[in-house]
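Here is the structure we will look at.
The values are calculated or read from the model by the stated rules, or taken from the named source; none is laboratory data. If you're wondering where the values come from, they're calculated on a predicted model, not measured in any experiment. Every residue, glycine as well, gets a Cβ built from its backbone with ideal geometry; the counts of neighbours run over all protein chains shown.
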Amino acid sequence: MEGRDPVVVVLISGSGSNLQALIDAYQREEIPGKISAVISNKPHAKGLERAKKAEIDTHVIEHQKFAQREIFDAELIKTIEKHQPDLVVLAGFMRILTDDFVRRFEGRMLNIHPSLLPKYPGLHTHKRALEAKDKEHGVSVHFVTAELDSGPNIIQAIVPVLNQDTEETLATRVLEKEHIIYPIAVKWFIDGRLEMKDGQAYLDGEQLPESGLKLEIEQR
């Protein structure tokens, strides 16, 4: 990242609330550089409107128009690399990526997942936490590797599960924490403090624990 402002590309599929949290952090100048582009696989994703309002380049690559996942990913790679990003951020990008795609950006691609990984990879995390009668739930930011939701954790926020919680109320409180920890992780990477090596996450040269750093935020 020497000699130029660091560049981030964000991939979305939906409302883009985590994208908005990143945009806000950039506008407050908490993270150096810029979001160069937002790419969606869905043409009507609300996140595209958020990006346009912030004067960020947008691209739509509809996965349904591609006969094979590999062809879609190849087009996605081509579009991302036009912007020469230092970091690729998945913010609600609802596509399983091919191994070739992951290898291309491994070590410089982050994802956010609404559970305390390695618990509950995949979908329906809030429902699964409630069915298991967990006392704690939360959200994880991790490096992306070929295995779904299994890359090394960077940071987690813990959300207590309340007796009266439904999927919707739990999801709402988890989302609030997503908006806090994703900009933190992106800033660490852009500042050169965060890296992945030998399949592990390191912050300031120190290997992070399996759960990543735990951010405990009081909730009532």
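Of all the numbered requirements in (1) buried (at least 17 other Cβ atoms within 10 Å of the Cβ); (2) over 30 Å from Arg103 (Cβ atoms), Glu167 misses one, and that requirement is (1). Filtered by the rule that a residue be assigned to a helix (DSSP H, G or I), in contact with a helix residue (DSSP H, G or I) (Cβ under 6 Å, 6 or more places away or on another chain) and not small (Gly, Ala, Ser), the range 44-76 gives Arg50, His63, Phe72, Asp73. Checking each residue in the range 80-106 for being surrounded by fewer than 16 Cβ atoms within 10 Å (Cβ to Cβ) and of a type outside the set (D, E, K, R) picks out Gln84, Met94, Ile96. Considered as a group, the residues in the range 22-55 that are of a type in the set (A, V, I, L, M, F, W, C) and surrounded by fewer than 20 Cβ atoms within 10 Å (Cβ to Cβ) include one that is farthest from Leu87 (Cα to Cα), and that residue is Ala54.
Which residue out of Gly107, Gly92, Gly33 is touching a strand residue (DSSP E or B) at 6+ places or on another chain (Cβ under 8 Å) and more than 23 Å from Asn153 (Cβ to Cβ)? Among Gly107, Gly92, Gly33, only Gly33 is touching a strand residue (DSSP E or B) at 6+ places or on another chain (Cβ under 8 Å) and more than 23 Å from Asn153 (Cβ to Cβ).
Residues in the range 64-79 that are surrounded by 14 or more Cβ atoms within 10 Å (Cβ to Cβ) and in contact with an Asp or Glu (Cβ under 9 Å, 6 or more places away or on another chain) were compared, and the one that is farthest from Pro183 (Cα to Cα) is Phe66.
When you look at Ile31, is it within 18 Å of the chain's Cα centre (by Cα), within 27 Å of Val139 (Cβ to Cβ) and either outside any loop (DSSP other than H, G, I, E, B) or of a type in the set (Ser, Thr, Tyr) (or both), yes or no? Criteria not met by Ile31.
So is Leu19 buried (at least 20 other Cβ atoms within 10 Å of the Cβ), without any contact (Cβ under 8 Å) to a residue 40 or more places away in the chain and either part of a helix (DSSP H, G or I) or touching an Asp or Glu at 6+ places or on another chain (Cβ under 7 Å) (or both) or not? So Leu19 does not fit the description; no.
For Val144, the conditions (1) touching a helix residue (DSSP H, G or I) at 6+ places or on another chain (Cβ under 7 Å); (2) surrounded by fewer than 23 Cβ atoms within 10 Å (Cβ to Cβ); (3) within 20 Å of Glu70 (Cα to Cα) all hold with the exception of (2).
Restricting attention to the range 90-109, and to residues there that are basic (Lys, Arg) and out of contact with any Pro (no Cβ under 9 Å at 6 or more places or on another chain), which single residue is nearest to Val38 (Cα to Cα)? Among those that are basic (Lys, Arg) and out of contact with any Pro (no Cβ under 9 Å at 6 or more places or on another chain), it is Arg95. Inspect all residues belonging to the range 182-197 and state whether any of them is more than 23 Å from Lys34 (Cα to Cα) and modelled with pLDDT of 95 or more. For the range 182-197, residues more than 23 Å from Lys34 (Cα to Cα) and modelled with pLDDT of 95 or more: present.
In the range 88-100, is there at least one residue being under 20 Å from Asn18 (Cβ atoms), hydrophobic (A, V, I, L, M, F, W, C) and in contact with a helix residue (DSSP H, G or I) (Cβ under 6 Å, 6 or more places away or on another chain)? So far as the range 88-100 goes, yes, one or more of its residues are under 20 Å from Asn18 (Cβ atoms), hydrophobic (A, V, I, L, M, F, W, C) and in contact with a helix residue (DSSP H, G or I) (Cβ under 6 Å, 6 or more places away or on another chain).
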